[in-house]
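Derivation of every value follows stated rules applied to the coordinates shown; laboratory data play no part. As the structure is a prediction and not an experimental result, all values here were calculated from the model. Note that each Cβ is placed from the backbone with ideal geometry, even for glycine, and that neighbours are counted across all protein chains shown.
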Amino acid sequence: MAEVYRGYHAALDRYVAIKLLHPFLADDPEFKERFEREARNVARLKHPNIVQVYDFEYDAKGESYYMVMEYINGPTLKDRLFDLGLSGDRLPLAEALRIVKAAARALAYAHERGMIHRDVKPANLMLDDDGRVVLTDFGIAKILTGAHVTSSGGMVGTPAYMSPEQGLGEAGDERSDIYSLGVILYQLVTGRLPYDAATPLAIILKHVNEPLPRPREIVPDIPAELEAVICKALAKAPEARYQSAQEFAEALEALEVSALLLEAAGGAVASPPPAPTVSQAQNANTPILPLEKLPQAQLPSAGRPFVRVLVVAGLTMLLVLVAVAFLGRDRSGTVPPTRRPDAAVGTQTPAIVAGAVSTPGLAVSATPERTATPVATATITPTASPTYTVFPTETPTLTPSPSPTPSPDLTGTAAFLFFERQTAATPTPNMTKTLAACHLEYIVVAPDRHNVPPPVTDVNNPRLVRANTDFSFEIVLQNTSTCAWPAGARLSFNPDLTENPDRSVDLTPLTDVCGANLRPGLNFARQQQSNFFIKEPVGITENSPAIVFTGTAPRLFGCYYGVWELFYPESDVRIGRPLVLAIRAWGGG
């Protein structure tokens, strides 16, 4: 039909693939019209799993038609199967499902636009160097002949992958492509074709007449639900197959998770359901077991965060602070926060200072002569508690000095300026000093291991997300600052740190877990939302109300992360270090 060359486009500095159709095809008087019409239709297909056509033209000098296409740097699935055959291996089940599902997505996209492939086979599926599955040669069958026969009188298509109706000389429709893709799935999971014979005609007749050999008879450890999907895709009658490639892709998507579970369990899932018969799968719309029916990894139970709203206590605290401020019995200075050098990373247990008594909102020192002097205004309710605190040790943070001058670090300076502006209306000598000395910090209570994507076996984890679908999970923070947070603290996306992480962002856990599957950082919040707010006050050592983080997973499978920062309400004063949130997308092409 054609020869393919690699070409170089000098102006765009890129390589392309040039498919040069054989000159004898142009002898057909209707060929030019078909070529231009179908090439134009194929060029309109823009899908990540369909090869992109850049141009098509007629070469008068060579008397040949040619198409210029995207260059795929990788082997065909046929080449991959050949290599596996030499070693006697088969593709991992999850990889086989991923490849076929990506091809099904491509077919669904094309079918919706009236394009039928008619020659789906491993030679027309390419695997580029980053794992993308690309379907090629769309429209070629229709370009070659309008009567579905070549110049030599043969049918267009490949007998080993041809549907029964095509074998009988019919044109076929979308369900013919589904059958051909079903043959590929059969071959990938069993290591052999369903039908083989000495001649092409004998193979076609077997597709038309012979019952399908059950995949589990060849490979007994194939899950029964996978066998049911294969049998339905390979039903003799088009009406008994999946009626759309989208439906086929969704069935494969459900299987993909169970395949991941199977491989994570070492190749065996406990208590598989009984296998349906071939006739059930072929002649009825055999239901595929839903995901919730499959054996799933058990997760450690985790209590749901609850919200404690202490309105009365808050009002009482405010009155006490105002009273202490106006009485002003001791204005000798403030007591600096006590820091335990051995505080463990991420611990939620406060470090208690010996001899001190802690009351939320009011700090009482063990020595009567030296008392923290909290002062309040109508706009901010600060508190200082030198008796206990928790500090993550991931990054050093300067401890505020007991002197009236705040520590000259960036966070302390920003806090100083912010609180100075807030208290300008009612200046109090110790107000600015106390708030500037407030150490702002937090720890993440939920989700567990927020900076590492969950494994593929953790199917109940909301951060294990099907590609290109919406998701949500809850974030709960504990205020380990020496000050309470008023309502309105915000979690804000930082595009600069996400794109170019500095020393404050540790991606080592991500790279260790994800390896080559780690994708560039991005804002995967739904509609790229940049802020999530804590709408209620959070006292010292209290957990915040749950922040419901809503997002949309990217279209390509892999690990993704975004860098977020927590800011004090109505300010640019950052609380603690940046927060890395990670998800894992599965099932994408």
Cross-link partners of Lys535 among aspartates and glutamates (Cα-Cα below 14 Å; sequence separation of 8 or more within a chain): Glu570
What is the calculated FRET efficiency for Asp129 to Lys32, with r their C-beta to C-beta distance and R₀ = 35 Å, to the nearest 0.05? 0.45
With an 8 Å cut-off on Cα pairs and a minimum separation of 6 or more residues, tell me the relative contact order of region 442-586 in percent. 37
Links that overshoot a 28 Å alpha carbon limit, given the list Lys101/Lys206; Lys32/Lys78; Lys19/Lys232; Lys32/Lys232; Lys121/Lys232; Lys19/Lys121: Lys32/Lys78; Lys19/Lys232; Lys32/Lys232
Taking N as the number of residues in region 442-586, what is its alpha-carbon radius of gyration divided by 2.2 N^0.38 Å? 1.02
With r defined as the distance between the Cβ atoms of Tyr58 and Gln528 and R0 fixed at 35 Å, what FRET efficiency is calculated, to the nearest 0.05? 0.20
Full-stretch length increase - Asp89, Thr511 - with 0.36 nm per residue and alpha-carbon distance subtracted: 149.0 nm
Once you have all Cα-Cα distances for region 153-244, histogram them in 10 Å bins from zero and send the whole-percent values. 18, 52, 26, 3, 0
Starting with the highest mean, order 218-224, 187-193, 93-99 by the number of other Cβ atoms within 10 Å, averaged over the residues of each peptide. 93-99, 187-193, 218-224
